[in-house]
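Only one structure is covered here, and it is reproduced in the block below.
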Amino acid sequence: MLSEFEEVKDKAEEISEDIKSELEEKSEEVSEEVKEVEKSSKIKAGRFIDLTHTENTEKKTLKIEDIKFKEQEKEEEELDENNKGISEYEIPTTENLSTNLEVTEEVVEKESIFDRLKKGLSKTRDSFTSSLTNLFTRNVKIDDDLYDELEEILISADIGMNSTIEIVDELRGEIKKRSIKEADKIYPVLKEIMIKKLDENNLDNKIKFEKGKLTVILVIGVNGVGKTTTIGKLANNFKNEGKTVMLAAADTFRAAAIDQLQEWAKRADVELISHKEGADPSAVIFDAIKSARSKDVDVLICDTAGRLHNKKNLMQELDKINRTIDTHAVNSNRENLLVLDATTGQNAVSQLREFKNVTDITGLILTKLDGTAKGGVIFPLQVEVEVPVKYVGVGEGIDHLQKFDSKSFVEAMF
């Protein structure tokens, strides 16, 4: 606003200078004309006479005064108009600027989150959307062939057989109900059904937090899914939300796992509780719970060794860790989050089913969505196995782990 005021002021000064210059030029012209009249009169009379009272001189004098008056009026009108423009704007106060800045930052942040998700799902979208576009623009008739091709596209995006059949069946009903005759009108209806499908079980995608109550998050998964990296990003998210966070390095089996988590703890600026490599994971969890309670920590995130569901000794170790938490973190909020690699497609669904058979899984974190065209795997995970996806990883940066939202996810797919 201040910069606009300065621009208007500068413009007014320029106009004033132009008017002044123009007035001087016209005055000089009139003076020359007066001199010519005087000269002519002198020649005609053959002698010098007083021209100040002659008819010609009076006309020229009136002409100069008339020009000056009109130019002055023009200048005043220009300045009034410019000042009117300035008065239409509210001169920003410090409070207004602060409020506007906060609103702008909030909008930018919301946009950046969706843009990041959309960018992360680019491989899925490029494959999925191009196929749908070709299908709906190529077909002018809605028939069984169109539905068969649509099923193939959905399955190829790893949406799963059961979810695909349910989506297509519901689409048939909606098309009939809404009397849709043109194939290109199916697009928005399909998007609407897919959003509805992800939310049909009313699953809670939020992490449970209560003021003054410790939340213990046990993170599990097979090797190579990005478990330790995800813990670092998760800690950063909670820290940015104003929560106090502590990490427990209970993966004492894998070489360099503790060092890796230590690096992420530094990046997220949170405390880490760890023992030496090869120590008892349950002992690490015990010490971490004790420390978290004494320091009124809001969230304790526990890393665990990568394990397969069919490794009996590792699954027994996981059971022991759960008992330690139940015994020493009484009345705490519990979360057992399974980290899955989206690039594995339907194998991720198999892993979830197997882990769910041996331990309670309260939520999922799906990583590496930016590296696959099979982002549709979220559908069978959340719809068929009925475990909520709580976070999705869409990049390597520390702020590239996002809360899962069904509507935003489907919008980004399209």
query: What are the pairs, 6+ residues apart or on separate chains, where a residue within region 152-175 that is modelled with pLDDT of 90 or more has its Cβ under 7 Å from a residue that is surrounded by fewer than 22 Cβ atoms within 10 Å (Cβ to Cβ) and not in a helix (DSSP H, G or I)?
result: 175/142
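Let's see how each residue does on (1) more than 14 Å from residue 325 (Cβ to Cβ); (2) modelled with pLDDT of 95 or more; (3) touching an Asp or Glu at 6+ places or on another chain (Cβ under 8 Å):
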position: 251; (1), (2), (3): yes, no, yes
position: 254; (1), (2), (3): yes, no, no
position: 258; (1), (2), (3): yes, no, yes
position: 267; (1), (2), (3): yes, no, no
position: 278; (1), (2), (3): yes, no, no
position: 281; (1), (2), (3): no, no, yes
position: 289; (1), (2), (3): no, yes, no
position: 298; (1), (2), (3): yes, yes, no
position: 301; (1), (2), (3): no, yes, no
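Considering only region 168-183, I want to know if a residue exists there that is touching a Pro at 6+ places or on another chain (Cβ under 6 Å) and either closer than 30 Å to residue 335 by Cα or among the hydroxyl-bearing types (Ser, Thr, Tyr) (or both). Full working, then the answer.
Going residue by residue through region 168-183, those that are touching a Pro at 6+ places or on another chain (Cβ under 6 Å) are none.
No, region 168-183 contains no residue that is touching a Pro at 6+ places or on another chain (Cβ under 6 Å) and either closer than 30 Å to residue 335 by Cα or among the hydroxyl-bearing types (Ser, Thr, Tyr) (or both).
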message: Looking only at residues that are crowded, with 17+ Cβ neighbours inside 10 Å and on the phi > 0 side of the Ramachandran plot in region 129-188, which one is farthest from the chain's Cα centre (by Cα)?
response: 160
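Can you report the number of residues in region 230-251 which are in a loop (DSSP other than H, G, I, E, B) and either among the basic types (Lys, Arg) or open to solvent by 10 Å² or more (accessible area, probe 1.4 Å) (or both)?
Initial filter on region 230-251 (in a loop (DSSP other than H, G, I, E, B)): 241-244, 251.
Applying the additional criterion that residues be either among the basic types (Lys, Arg) or open to solvent by 10 Å² or more (accessible area, probe 1.4 Å) (or both) yields 241-244.
Here the count works out to 4.
Please determine whether any residue of region 192-205 is open to solvent by 40 Å² or more (accessible area, probe 1.4 Å), part of a helix (DSSP H, G or I) and either small (Gly, Ala, Ser) or out of contact with any strand residue (DSSP E or B) (no Cβ under 8 Å at 6 or more places or on another chain) (or both).
Taking region 192-205 as the starting set, the residues that turn out to be open to solvent by 40 Å² or more (accessible area, probe 1.4 Å) are 192, 196, 199-204.
Then keep just the ones that are part of a helix (DSSP H, G or I); that gives 192, 196.
Pick out the ones that are also either small (Gly, Ala, Ser) or out of contact with any strand residue (DSSP E or B) (no Cβ under 8 Å at 6 or more places or on another chain) (or both) and you get 192, 196.
So far as region 192-205 goes, yes, one or more of its residues are open to solvent by 40 Å² or more (accessible area, probe 1.4 Å), part of a helix (DSSP H, G or I) and either small (Gly, Ala, Ser) or out of contact with any strand residue (DSSP E or B) (no Cβ under 8 Å at 6 or more places or on another chain) (or both).
The values are calculated or read from the model by the stated rules, or taken from the named source; none is laboratory data. Note that the structure is a prediction, hence the values are computed from the model and not measured. Every residue, glycine among them, receives a Cβ derived from its backbone with ideal geometry; neighbour counts consider all protein chains shown. Surface accessibility is based on the protein's heavy atoms, side chains included, excluding ligands, DNA and RNA. Shrake-Rupley method; radii C 1.70, N 1.55, O 1.52, S 1.80 Å.
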